[in-house]
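A.B. asks: This is the structure I have questions about; it appears just below.
Just so it is clear, none of the values below were taken in a lab; they were calculated from the coordinates. Keep in mind that this is a model prediction, so the values were computed, not measured. Every residue, glycine as well, gets a Cβ built from its backbone with ideal geometry; the counts of neighbours run over all protein chains shown.
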Amino acid sequence: MLQSMTGFGKFSREIANKQITVEIKTLNSKQIDISLRMPSAFREKELELRKVITQHLERGKAEVSILISNPNEKITQQINTTAFKSYYDQICQLAELTGIPQPENWFDILLKLPQVFENEEKVLDENEWNTVLQVTLDALQQVEEFRMQEGRSLEKLFDEKLVHINQLLDSVSQYETERIDRVKSRLREGLQNVGENYNADRFEQELIYYIEKLDVNEEKMRLQNHLDYFRTTMTNEPNPGKKLGFIAQEMGREINTLGSKANHSEMQKIVVLMKDDLEQIKEQVFNVL
């Protein structure tokens, strides 16, 4: 079954009066691209977490946000007295050296300087980390379910477009005989203007040349094979997004060649409709995992 690269998952769990929430958004991308926001206490586990996310998502752009909140927890900040006094002494020395008076709001200025405030360093809690990991797995499960749901919609769309292209391809046959007859008729009309003094063998050779040049049986056969291959790949192979993209490109080549050989207004219309269906397939195949 197809999976889309577009997905969303959000899961929360409480532990020790804390609420852990993991939110994951995914979009299409040629490779795996993970943007991770998490508390600094878990930074040493970042590589492990990225590996878990990669194993589940495989491909796509993912925005992962991990939030840990505790409404009863007070944010603890301490003034670094050593840094504060060092800044103050330097300001006093500069004021004395330059003769510039100290600013009236020097206290406010000192509090805004780097490293004057320091946050209390949090230590990694293994139980809390294990919960974060499990919540991440639960959110990833939601993303996978979302992707599968989107994949079913994509598969339905592809089926509709493939069937329509197949119908258009079958309709080409009714114009092929008419098209060849028109070529023969135009050549004969041209010969009538020349008169009876022409080489019949040469005429036959030219006729065969034009008929072979306009023959589209090979293009029709290759396009039909590509349609069948696209459908088989979509149904039977896991994560076939890249492969389906290549098959769609090959389908486009055959349709273009069919159009260049058409030499018939109705066949040209059929080719335009085929291109429209194929373009819709190409647009959506970028979203397939």
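A.B. asks: How much length, in nm to one decimal, is gained on full extension between K282 and E48, taken as 0.36 nm per residue of separation minus their Cα-Cα distance?
C.D. replies: Length difference between fully extended and current span is 80.7 nm.
A.B. asks: At 0.36 nm per residue, minus the direct Cα-Cα distance, what do I15 and D181 gain on full extension? Give it in nm, one decimal, please.
C.D. replies: Here the segment from I15 to D181 would lengthen by 51.6 nm.
A.B. asks: Here's a follow-up. What's the center-to-center distance, using Cα atoms, between the stretch 25-42 and the stretch 127-161 in Å?
C.D. replies: Between the Cα centre of the stretch 25-42 and that of the stretch 127-161, the gap is 15 Å.
A.B. asks: Evaluate the distance, in nm, between pseudo-label points positioned 7 Å from the Cα of Q224 and of K156 along their respective Cα→Cβ axes.
C.D. replies: Placing both labels 7 Å along Cα→Cβ, they lie 3.0 nm apart.
A.B. asks: For a protection proxy built on the mean count of beta-carbon atoms within 10 angstrom, sort 145-153, 228-236, 28-36 highest first, please.
C.D. replies: Descending packing order for the listed peptides: 145-153, 228-236, 28-36.
A.B. asks: Show me 165-174, 248-257 ranked by packing, highest mean number of other Cβ atoms within 10 Å first.
C.D. replies: So the peptides 165-174, 248-257, ranked by packing, come out 248-257, 165-174.
A.B. asks: Here is a follow-up. If all Cα-Cα distances of the stretch 29-112 are sorted into 10 Å bins from 0 onward, what percent lands in each bin, rounded to whole numbers?
C.D. replies: 13, 26, 15, 17, 18, 10, 1
A.B. asks: Further, regarding this structure: Once you place label points 7 Å from the Cα toward the Cβ at D170 and S260, how far apart are they in nm?
C.D. replies: According to this spin-label approximation, the distance is 2.9 nm.
A.B. asks: How long are the semi-axes of the equivalent ellipsoid of the stretch 77-119, defined as square roots of 5 times the Cα gyration tensor eigenvalues? Whole Å, largest first.
C.D. replies: Each semi-axis is the square root of five times an eigenvalue, giving 22, 10, 6 Å.
A.B. asks: State, to one decimal in nm, how far the label point of E237 lies from the label point of L214, with both points 7 Å from Cα in the Cβ direction.
C.D. replies: Once both label points are built, they end up 3.8 nm from each other.
A.B. asks: What ranking do 133-144, 82-93 get when scored by the average of other Cβ atoms within 10 Å per residue, highest first?
C.D. replies: The packing order, highest mean first, is 133-144, 82-93.
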